[in-house]
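The values are calculated or read from the model by the stated rules, or taken from the named source; none is laboratory data. From a predicted model like this one, the values you see are computed outputs, not experimental measurements. Heads up, the Cβs are rebuilt from the backbone with ideal geometry, glycines too, and the neighbour counts pull from every protein chain shown. The accessibility values were calculated without ligands, DNA or RNA, using every heavy atom of the protein model including side chains. Shrake-Rupley method; radii C 1.70, N 1.55, O 1.52, S 1.80 Å.
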Amino acid sequence: MAGWSGNRCLVEGVSVSGVVVRARVDGDLGAAAVVLAGVHASDGYPVEGVADPGAWLSPDGLIAAWVAEVGGRVVGHVAVNRARHGEDVARLWRERRGAAGDAEVAVLARFFVGREARGASAGARLVATAEGYARAHGLPLVLEVLTKDAAAIRLYERLGWQRIGELRHFFAGRHFDALCFVAPGA
């Protein structure tokens, strides 16, 4: 599996700057859950919390998932999911493209990198891998990101993602403003 970043191919399983991105296996869930708990504690992501991280990391509609490792230790995660029926970010993309309501759309999701690995390009490599997968399978790739997650927004913009709209994410009686993006070339 290869991902693309600019004109550079990032091949899954090849180390660049000590970061390895590879397909997630069931044995990675525990380590990914530990990183997720740390990200939730430091950044408040996900807002829903991490009461059952294994279930959160493996939602209905999961198509593929990858982990980033440094020194053999999981430091990040990303997934590509099928858009759920009525999912707002997929609806926004369809409206923008004039696509039929049942056109298949993939969603970049469950994306996080532990604080200790930020700045090592783990996040960019995970996103590039997900983009490459979606492109190889002919799927437009979209995402929703809370406006409070400014570093993630900067990453997506730096990687060429295009903003397609805004919405509100509701959880436990609270609302969170969110931005919606589509991957380059989708």
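Here are a few things to note about the model shown:
- Failed criterion for HIS40 (all others in (1) part of a helix (DSSP H, G or I); (2) in contact (Cβ under 8 Å) with a residue 60 or more places away in the chain; (3) within 16 Å of the chain's Cα centre (by Cα) hold): (2)
- Scanning region 125-140 for residues that are open to solvent by 20 Å² or more (accessible area, probe 1.4 Å) and either farther than 22 Å from VAL35 by Cβ or among the aliphatic types (A, V, I, L, M) (or both) yields a count of 5.
- Members of region 141-179 that are among the aliphatic types (A, V, I, L, M) and either in a strand (DSSP E or B) or open to solvent by 60 Å² or more (accessible area, probe 1.4 Å) (or both): LEU141, VAL142, LEU143, VAL145, LEU146, ALA151, ILE164, LEU167, ALA172, ALA178, LEU179
- For first residues located in region 82-97 and in contact (Cβ under 8 Å) with a residue 12 or more places away in the chain, partners that are surrounded by 14 or more Cβ atoms within 10 Å (Cβ to Cβ) and assigned to a helix (DSSP H, G or I) and lie 6+ apart or on another chain with Cβ distances below 8 Å form the pairs ALA83/VAL89; ALA83/ALA90; ARG84/ALA90.
- Count of residues meeting criterion [modelled with pLDDT of 85 or more, open to solvent by 20 Å² or more (accessible area, probe 1.4 Å) and either among the small types (Gly, Ala, Ser) or part of a helix (DSSP H, G or I) (or both)] in region 110-123: 3
- Top-ranked residue of region 79-99 - restricted to ones that are basic (Lys, Arg) and open to solvent by 60 Å² or more (accessible area, probe 1.4 Å), ranked as modelled with the highest pLDDT: ARG82
- Qualifying positions in region 59-109 - of a type in the set (Val, Ile, Thr) and not in a strand (DSSP E or B): VAL89, VAL105
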